[in-house]
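Please read the structure below before turning to the comments.
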Amino acid sequence: MTSARYFVPFAQLRQQPTILVDSTGLGAALTLAHWRGAATPTPLRDDTSAGSVLRALHQPAMPGLEAQAVSANHFDVDGFVGVWSLLHPELALRHEHLLRLVATLGDFREIDWHDPQANHALQLVCWLNAEEKARFYEPFGAPARRRREDEASAEKFAWFLPGFAAVLENPTSERAVWLPEYERVQQAAAIMQSPATRLTPYPEIGLMVVRTPEPLPYYALFGPTAGFDMVLSLYDNQRYEFEYKYTTWIDLESRPTLPRMPLDTLANRLNALEQTTRRWTHDGITDTGPLLRLSGKGLTKAQRYADPDQRPLYQSSIALEEIEREVVSFFQQGYATIEPRRYWTWAEIRAAGQ
């Protein structure tokens, strides 16, 4: 059974009372988003925007939920699941746990492989990814096509919303679509769980160090990093990459976090040690997933969002043990007097890094 709600493109937000999902904007009757500073009602705050939607569906008297129009300013797995759930509330609540897994895997790239519904969640995410790339454009790919994401993404919603329920309830019907990425992730997850991979957690700074032979898809690489907000990946032949996870771009509800530290000082230190002709470069802390890496040509946002095994990684002169020591030391010093907490503002994050 569907509700009386319907999707409207973001540009039409102010033409009628609208529930806004995984986005912020003026004039929304209700905002259900985990973005930092979003006007999501306190009882509905959740790690994912889809999670906020599912909380709202349990509270039908929530002011603003009577609005029938639903919108989002971009298309991604979390936002799509949230929008779809508002349009199909009974089916969404029936599959609530599964949809929460899908949203978390889509946004944070985290999954507990011991969960009985983990494989089902991966199949759904792989189906969404494959169809999105085949029929439309990759995430963050709109600007390269000289289009605005808030306008171009409406075509994705129009295609995915009618067909998702059938795949949700019978993923084998689309096995040919999701299988290639699914198998690639499963093979990579096996490597992550094998003796070839070593995980070294530094919980006091929220860092997980992953030592594994080759770059892997995010769903495997970040799968076991739940509870950590930074990942240092150490690959064979002295290839390295550091990343702030998306968990510190949004307002995480389930646990306190530390603020992102600007990476300039760390990059300068690594450049002082680096003996190759390449330089350590980094993204700003307000990027959704800032990388620190030995650079070649600059990466586009779409390339940075894509899996690590889909972009070039270069050999450093710095020994593996030394780079781990430098990264750990930098954050131990930076966080020495800072306590983790919830709901940092960007102004507070910038101040903490000064």
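The values are calculated or read from the model by the stated rules, or taken from the named source; none is laboratory data. Given the structure is predicted, the values throughout are model-derived calculations rather than measurements. We place every Cβ from the backbone using ideal geometry, glycine too, and count neighbours over all the protein chains shown. To get the accessible areas, we keep the full protein, side chains included, count just its heavy atoms, and leave off ligands, DNA and RNA. Shrake-Rupley method; radii C 1.70, N 1.55, O 1.52, S 1.80 Å.
Among residues belonging to region 192-215 that are outside any loop (DSSP other than H, G, I, E, B) and out of contact with any helix residue (DSSP H, G or I) (no Cβ under 7 Å at 6 or more places or on another chain), point out the one that is nearest to Tyr335 (Cα to Cα).
By that ranking, first place goes to Pro201.
Would you mind stating whether Ala4 is open to solvent by 10 Å² or more (accessible area, probe 1.4 Å), modelled with pLDDT under 95 and part of a loop (DSSP other than H, G, I, E, B)? Criteria met by Ala4.
Listed here are the residues, each with its yes/no results for (1) part of a loop (DSSP other than H, G, I, E, B); (2) basic (Lys, Arg); (3) at pLDDT 95 or above; (4) touching a strand residue (DSSP E or B) at 6+ places or on another chain (Cβ under 7 Å).
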{"residue": "Leu232", "(1), (2), (3), (4)": "no, no, yes, yes"}
{"residue": "Asn237", "(1), (2), (3), (4)": "yes, no, yes, yes"}
{"residue": "Leu252", "(1), (2), (3), (4)": "yes, no, yes, no"}
{"residue": "Pro259", "(1), (2), (3), (4)": "yes, no, yes, no"}
{"residue": "Leu266", "(1), (2), (3), (4)": "no, no, yes, yes"}
{"residue": "Arg269", "(1), (2), (3), (4)": "no, yes, yes, no"}
{"residue": "Gly289", "(1), (2), (3), (4)": "yes, no, no, yes"}
{"residue": "Arg293", "(1), (2), (3), (4)": "no, yes, yes, yes"}
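When region 200-216 is filtered for residues that are out of contact with any Lys or Arg (no Cβ under 6 Å at 6 or more places or on another chain), open to solvent by 30 Å² or more (accessible area, probe 1.4 Å) and under 12 Å from Ser233 (Cβ atoms), the ones remaining, listed by number, are Thr200, Pro213, Glu214. Within region 303-354, restricting attention to residues that are within 30 Å of Lys133 (Cα to Cα) and in contact with a helix residue (DSSP H, G or I) (Cβ under 7 Å, 6 or more places away or on another chain), the residue that is least open to solvent (accessible area, probe 1.4 Å) is Pro308.
When the residues of region 81-97 are filtered to those that are hydrophobic (A, V, I, L, M, F, W, C) and surrounded by fewer than 19 Cβ atoms within 10 Å (Cβ to Cβ), which remaining residue is nearest to the chain's Cα centre (by Cα)? If we take residues in region 81-97 being hydrophobic (A, V, I, L, M, F, W, C) and surrounded by fewer than 19 Cβ atoms within 10 Å (Cβ to Cβ), then Leu93 is nearest to the chain's Cα centre (by Cα). Scanning region 296-354 for residues being assigned to a helix (DSSP H, G or I) and within 27 Å of Arg198 (Cβ to Cβ) gives a total of 20. Applying the criterion of being surrounded by fewer than 18 Cβ atoms within 10 Å (Cβ to Cβ) and hydroxyl-bearing (Ser, Thr, Tyr) to the residues of region 251-268, the residue that is farthest from the chain's Cα centre (by Cα) is Thr265.
Condition check ((1) polar (S, T, N, Q); (2) part of a loop (DSSP other than H, G, I, E, B)) across all residues:
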site: Leu20; (1), (2): no, no
site: Thr24; (1), (2): yes, yes
site: Ala28; (1), (2): no, yes
site: Pro43; (1), (2): no, no
site: Ala50; (1), (2): no, no
site: Val53; (1), (2): no, no
